[in-house]
Amino acid sequence: MDVRQAASVKVPHAEFFPPPPAPRGPNVWRRRLHDDRRELTRFWPVVQNMVVQELKVRYQRSILGFVWTLLNPLLMLATQGFVFSHLFRANVEHYPVFLFAGSVPWMFLNASLSDAAMSIIMNEGLIRKIYLPKLIFPMARVLIGLVTLVFSMAAMFLLLWPMGARPSWSMLTLPAAIGLFAVFTMGLSLVVATANTFFRDCGHLISVFLQAWYFLTPIIFPIEAPMFDRVRWMLELNPAYSFIELFHEILWAGRWPRWELWALASVIAVVSLGVGYATFKSQEDKMVFRL
């Protein structure tokens, strides 16, 4: 064979390894959303089983069982209510109601982020053995916290009835407030789950960050307190502010939340979920190599 002919022969593109990456079209995220929705529907029984088993195993050998899920945080909040209302003379009407209305949702955020940060790492063996959408692991942690939040709300109301808590028509909007807060928490959970999978130090920093964030959020004292006059604008920039204020207005003030709060909370929740989903999906295929 002529050397010149051999040199002119074109080698098929398939012989090159690895092949060049396929260009991403404008509908790549739409396809991802469609695929994830289909997979979550398919694996939804797995998510339900993870939630139920976790709630059963957590207190299976204790006498009170699941009651500790409610009793432990409520006792802690009762202690805080006594300290701030008596020792610090918090000048807030029905202060325990105010404190509980903000602290119970915050405990849901705290527990969800702490658990979600370890959700991928703790399920390393399961991820390596069988195929499961990695998205279900942080989702299950948020759902566990959401179940606890709902029961804690009911227990909180029964506990605070002697302290001035009363039902109102504004409580009809409570499921919407919980839903928005859950969407916001889910977005943050996806971010911390991704970050801690690649950088294990993030798991240790999350607890410190949450503790600082707690005191920067108007949970212990209302934002109208004189001590916040100079920094009130900074507190209003807190992404958790609108959600906590929703719970305060519904449960403590007993009035319909302002439409500005609903709009702000909705925007923040959607942005949080979008950023969290994009962060998680962009690194999902690399996670198994970091386990």
Legend entry - Reciprocal of mean inverse Cα separation for region 132-186 (Kirkwood radius, Å): 12.9
Inset, instruction - Would you kindly state how much longer the chain becomes between residue 36 and residue 286 on full extension, computed as 0.36 nm times their sequence separation minus their alpha carbon distance, in nm to one decimal? - result: 88.3 nm
Inset, instruction - Arrange 209, 243 by Cβ neighbour counts within 10 Å, fewest through most, would you? - result: 209, 243
Inset, instruction - Assuming 0.692 mPa s and 37 °C, estimate D for region 163-263 with Stokes-Einstein, Rh taken as the Kirkwood radius over Cα pairs, in µm²/s. - result: 213
Legend entry - region 160-257 - percent relative contact order, Cα under 8 Å, separation 6 or more: 48
Legend entry - Burial ordering of 217, 79, fewest other beta-carbon atoms within 10 Å first: 79, 217
Legend entry - region 86-145 - convex hull of the alpha-carbon atoms, volume per residue in Å³: 87
Legend entry - For a label point 7 Å along the Cα-to-beta-carbon line of residue 91, residues of region 238-273 with backbone N under 20 Å: 253
Inset, instruction - Find how many whole Å separate the alpha carbon centroid of region 240-256 from the alpha carbon centroid of region 138-188. - result: 11
Legend entry - Taking only Cα atoms of region 96-192, radius of gyration then Dmax in Å: 16.1, 53
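We did not get these values from a lab; they are worked out from the coordinates using the rules stated. Because the structure is a prediction, the values reported are computed rather than measured. Please note: Cβ atoms are built from the backbone with ideal geometry, for glycine as well, and neighbour counts cover all protein chains shown.
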